[in-house]
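The values are calculated or read from the model by the stated rules, or taken from the named source; none is laboratory data. Predicted model, so just to flag it, every value in this text is computed and none were measured. Glycine gets a Cβ as well: all are built from the backbone with ideal geometry, and neighbour counts include every protein chain shown. Side chains are part of the model used for accessible areas, which takes the heavy atoms of the whole protein and leaves out ligands, DNA and RNA. Shrake-Rupley method; radii C 1.70, N 1.55, O 1.52, S 1.80 Å.
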Amino acid sequence: MEIKELESTLEGVLFAAGEPVPVERLCLGLEVDRPTLDTVAQQLMDQYSYQRRGIRLLRLDTSYQLVSAPEFAPVIRKTLESRKPAKLSQPALEVLAVIAYYQPVTRAYVDQVRGVDSSYTVSLLLERDLIEEAGRLAVPGRPILFRTTKTFLRSFGLSSLKELPELPDSTQEGAQMTMKLEAAVAKLKEEEQEPAADAIKPENGEG
């Protein structure tokens, strides 16, 4: 297929999927290699951003997804949602920060870092699809391991976990990690307010 045809095909597939599609599946379906797919995806990203379209193409680790442009998030929420979803509480942010930076981790590890029981908060984050089970630790009792999800990445405007802000001191946990995670969200909001002639911006998810 010609490049333009590949762009249209990729756009159609991602629109129909409505969720992240692994690169391997896209390459197989479009019958192209990874470099070609990445080139086509990048061209679509640039077009959406430059033309100030209502959608953006988001890269998430080893997958791609079509999402709404962040600047239209308020209108989209107002139009499609009857009420705003509840924001994460401070305890929930603390638990999420511990899991994000040290994943995969057990609930006991999270409890140890925070100094309090995190059972309820972990269940809440599971319900909101911000974290998921990632197997079990090979120790007596085989406790469940937890890691963040693609929903977490979208909600905090991250393409991958590599974009998490670095901790100034790896020994500083709990509140320090929460502050850094909140700082990443604040930075994302600031970027959304700036002109985006060439920038590619991810979906503005609710935290």
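Over region 80-141, what is the relative contact order in percent, taking alpha-carbon pairs closer than 8 angstrom and at least six residues apart? Here the relative contact order equals 31 percent.
Loop only by DSSP, 15 or fewer other Cβ within 10 Å of the Cβ. Give me the chymotrypsin sites (Phe, Trp or Tyr not before Pro) in region 66-147 that pass, ordered by residue number. The qualifying sites: there are none. Within region 65-160, the trypsin sites (Lys or Arg not before Pro) that combine a DSSP coil assignment with at most 14 other C-beta atoms in a 10 angstrom radius are R83, K87. About its Cα centre, region 1-113 has a charge dipole of approximately 720 debye under the convention of +1 per Lys or Arg Cβ and -1 per Asp or Glu Cβ, with nothing else charged. Gain on full extension, evaluated as 0.36 nm per residue between F72 and I144 minus their Cα-Cα distance, stands at 22.1 nm.
Quick one: grab the alpha carbon gyration tensor of region 1-116, order the square roots of its eigenvalues as a ≥ b ≥ c, and give me rounded if a/c is under 1.5, else prolate or oblate depending on whether a/b is larger than b/c. Oblate.
Largest accessible area first, the residues E2, E133, E11 order themselves as E2, E133, E11 under a 1.4 Å probe with ligands, DNA and RNA left out.
By definition, a body whose alpha carbon gyration tensor gives a ≥ b ≥ c is prolate when a/c is 1.5 or more and a/b is larger than b/c, and region 59-142 fits this prolate description.
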